[in-house]
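Below you'll find the structure, written out as structure tokens, and then a few comments.
Values in this text are rule-based calculations from the coordinates and carry no lab data. Quick caveat: nothing in here was measured; it's all calculated off a predicted structure. Please note: Cβ atoms are built from the backbone with ideal geometry, for glycine as well, and neighbour counts cover all protein chains shown.
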Amino acid sequence: MGQEITSLLARIDAEAFAGVVAAFADKDRRWFFSGQGRSGLAAQMAAMRFMHMGRMVHFVGEVSAPSIRRGDALLIISGSGETPVSVGFARIARAEGAQVVTLTHKPKGTLAGIADIVLPVPVETTEQFGGSLFEQSCLLLLDSVILSLARDMPDAHQLMLHRHTNLQ
């Protein structure tokens, strides 16, 4: 697993990665996260990490999520880039004037064609079960975005600890 992840991460397009980091630079922007199935679970984990960094985040479909509007952004994780629900969400977000960011291993797919920023996750072959390599890599890439942002925040780790759940 480690070798597969290392090999995949070594093939990430640095310019595309920098585009995702730049999209998250606006601390006041509202972010919506989405994905279906296991990609959705990775998106939920990433959303929580961005919340810990002080970003305004929502997961699409949660009852407390507001409507997406101009100036907001939607991050969608979709391996196939063709999942009808994800493509539909991207189209709605674009129609409302929101920016769409996607992580996908199909950079020529429908979702990538709608997105403003595409971070290709180059899964070719894997010995892992199902789409595990894709989901693991997406979470690591989004954690790397957070680390890039944290470099400019001297109190990032304290913020994370303060925002971590206290209802335990």
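Just how large is the dipole of the chain about the Cα centre, in debye to the nearest 20, putting +1 at every Lys and Arg Cβ and -1 at every Asp and Glu Cβ? Could the numbers behind the result be given before it?
Numbers: 15 positive and 16 negative charges, 85 e Å.
So the dipole magnitude of the chain works out to roughly 400 debye.
Which residues' amide hydrogens lie under 5 Å from the amide hydrogen of His58, considering only partners 5 or more residues apart or on another chain, with H built in the peptide plane?
Trp31, Phe32, Phe33
Compute, for segment 5-58, the length of the dipole vector about the Cα centre, with Cβ point charges of +1 (Lys, Arg) and -1 (Asp, Glu) only. Units Debye, rounded to 20. Intermediate values should be presented prior to the final figure.
Values: 7 positive and 4 negative charges, 43 e Å.
Charge dipole, segment 5-58, about its Cα centre: 200 debye, nearest 20.
Across the chain, where is the longest run that never hits trypsin sites (Lys or Arg not before Pro) in a DSSP loop with at most 14 other C-beta atoms within 10 Å? Spell out each step's value before the answer.
Details: sites that count: Arg11, Lys27, Arg69, Arg70, Lys108, Arg151.
By the stated rule (loop sites, at most 14 other Cβ atoms within 10 Å), 109-150.
State which helices in the chain qualify, where a helix is a whole DSSP H run, it must extend 24 Å or more along its own axis by its Cα atoms, and its mean Kyte-Doolittle hydropathy must be at least -0.5.
On the way: long enough: 132-150 (27 Å, 1.51).
Taking the DSSP H segments of the chain (at least 24 Å long, mean hydropathy at least -0.5), we get 132-150.
Could you work out the relative contact order of the chain, using alpha carbon pairs under 8 angstrom and six or more residues apart, expressed as a whole percent? Numbers along the way, then the final one.
Working: 271 pairs, mean separation 43.8, N = 168.
Relative contact order here is 26 percent.
Can you give me the Cα centroid spacing of segment 27-62 and segment 81-139 in angstrom?
About 14 Å separates the Cα centre of segment 27-62 from the one of segment 81-139.
Semi-axes, largest first, in whole Å: what does sqrt of 5 times each Cα gyration tensor eigenvalue give for the chain?
Working: eigenvalues 105, 83, 47 Å².
Largest first, the chain gives 23, 20, 15 Å.
Sum -39500 (n - 2.57) across every DSSP H segment of at least 4 residues in the chain, then divide by the residue count to get the 222 nm mean residue ellipticity, nearest 500. Kindly include the intermediate steps, with their values, before the conclusion.
Details: 7 runs with 79 residues, N = 168.
Helix-only estimate at 222 nm: -14500 deg cm²/dmol.
Taking only C-alpha pairs under 8 Å that are 6+ residues apart, what is the relative contact order of segment 17-82 in percent? Intermediate results must be reported in sequence, preceding the final value.
Details: 79 pairs, mean separation 27.8, N = 66.
This gives 42 percent for segment 17-82.
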